[in-house]
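Comments concern the structure below.
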Amino acid sequence: MLHLGPRVLSEAQGEGTILEISSPQTAGLSSGAWCGYGVMPTLPVDQRTEEGNALIFETAPLTEAVEILGFPEFEVKLSSDKPIALLSATLSQVFPEGAASRISYGILNLSHRNDDLDIAPMVPGQAETVRIKLRCCGQRFEVGERIRLALATSHWPIVFPTAEQATLSIHCGDSRLILPVRPPQKLDDTLGAFLAPESAVPMEQEVLAKGDGFQRSVSTDQVTGETVYQVVNDGGTVRHPHTQMTVAARHVDRFTIHPDDPNSAVGTCTWEKSYGRGDWQARLSVKATVRALRDVWRIETHITAHDGDEVVVDRSEVKEYPRDLN
């Protein structure tokens with residue numbers, strides 16, 4: 001169990017310091033995909049880029065190795081100046097040279113602090129004790145490394161922002177990080193090294209037109225401040241010799257937001273696919289946009305389907321849903 005102090009994680013009971021955090025809406029951009037499989041480069045990058053976006057708590061360099069296995073938990077006493085707010089907790093491994101690798105994280109809409117079936121807004125200014133369960137993980141921290149906890153009020157674009165920018169007050173003396181420490185076991189000395197990963201033989205295919213491949217980028221307009229997070233997956237056009245099927249696919253996921261405006265959040269996913277064999281040709285295009293407006297979620301969709309040159313579906317819809325404490 002580790003207690004919080006100003007920029008410190010330690011086994012000693014934390015001080016009574018109260019620290020405030022109101023992250024820019026762009027906090028979390030280093031997190032990668034919500035569910036990254038590692039086949040494409042979708043995993044989190046160096047967490048040092050988040051240091052200006054979050055409250056940082058860190059141990060001294062470890063004097064002995066620490067292994068964890070299971071669900072880390074963060075118990076925190078906090079208050080919010082808004083009835084609806086997010087809390088993001090990220091656990092990282094900090095190497096001696098300063099690089100920080102994400103180990104686990106958890107995100108909580110504080111309206112769900114009691115239960116997902118018992119949602120209730122926060123009472124502004126009233127401190128409550130909340131517990132967040134982080135994602136299950138297994139990790140070994142070596143001697144000389146540090147354990148870091150980063151707290152933020154946004155985690156974009158994995159989670160869309162709340163309707164208002166909130167400020168959280170963290171009561172360090174009443175907050176703690178609970179790690180699932182795995183003690184050394186005699187069995188450890190008998191364990192062999194991990195073998196190389198195995199996979200099936202890739203399906204044979206003939207490349208007819210090379211696509212742009214996989215791209216993942218973050219860009220910021222230095223005049224307006226708007227930030228764009230974009231993922232492009234363009235596989236080009238290929239033929240499968242065993243079926244003579246020709247397939248083309250291109251996916252673009254684009255998320256834009258202004259760091260000072262939670263109601264500027266827009267996510268647009270565009271997927272285009274085509275299939276063909278002989279005289280049969282089919283094409284499908286789907287575009288969906290979600291806008292996080294002040295009072296509603298606005299969802300705009302457009303789908304177009306072709307059978308050869310004939311348009312068989314061309315439909316657009318716009319729907320709005322109340323924010324409802326999110």
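The values are calculated or read from the model by the stated rules, or taken from the named source; none is laboratory data. This structure is a prediction, so every number in the text was calculated from the model and none was measured. Ideal geometry is used to build each Cβ from the backbone, glycine not excepted, and the neighbour counts take in all protein chains shown. Only protein heavy atoms, including side chains, enter the accessible area calculation; ligands, DNA and RNA are left aside. Shrake-Rupley method; radii C 1.70, N 1.55, O 1.52, S 1.80 Å.
What to note about this one:
- Per-region count, segment 47-63, residues modelled with pLDDT under 95 and of a type in the set (Asp, Glu): 2
- Filter result for the condition that a residue is on the phi > 0 side of the Ramachandran plot and open to solvent by 60 Å² or more (accessible area, probe 1.4 Å), over Gln244, Gln205: Gln244
- Exactly one residue out of Gly267, Gly225, Gly235 is small (Gly, Ala, Ser) and more than 23 Å from Arg294 (Cα to Cα), and it is Gly235.
- Total residues in segment 158-192, condition farther than 15 Å from Ser80 by Cα, of a type in the set (Asp, Glu) and open to solvent by 60 Å² or more (accessible area, probe 1.4 Å): 2
- Counting the residues of segment 18-43 that are assigned to a loop (DSSP other than H, G, I, E, B), open to solvent by 40 Å² or more (accessible area, probe 1.4 Å) and closer than 23 Å to Ala85 by Cβ gives 2.
- Hits in segment 1-17 (condition: part of a loop (DSSP other than H, G, I, E, B) and either touching a residue at least 40 places away in the same chain (Cβ under 8 Å) or under 14 Å from the mean Cα position of the chain (by Cα) (or both)): Met1, Pro6, Arg7, Gln13, Gly14, Glu15, Gly16, Thr17
- Tallying residues that are open to solvent by less than 70 Å² (accessible area, probe 1.4 Å), part of a strand (DSSP E or B) and farther than 14 Å from Thr237 by Cβ within segment 270-281 yields 1.
- Residue within segment 129-144 that is within 21 Å of His112 (Cβ to Cβ) and touching a helix residue (DSSP H, G or I) at 6+ places or on another chain (Cβ under 6 Å) present: no
- Looking only at residues in segment 84-96 that are under 23 Å from the mean Cα position of the chain (by Cα) and not in a strand (DSSP E or B), the one that is nearest to Ser154 (Cα to Cα) is Ala85.
- The strands (runs of 3 or more DSSP E) found entirely in segment 97-215 that carry 1 or more residues being touching a strand residue (DSSP E or B) at 6+ places or on another chain (Cβ under 8 Å) and closer than 24 Å to Gln13 by Cβ are 100-109, 128-133, 137-141, 146-152, 168-178.
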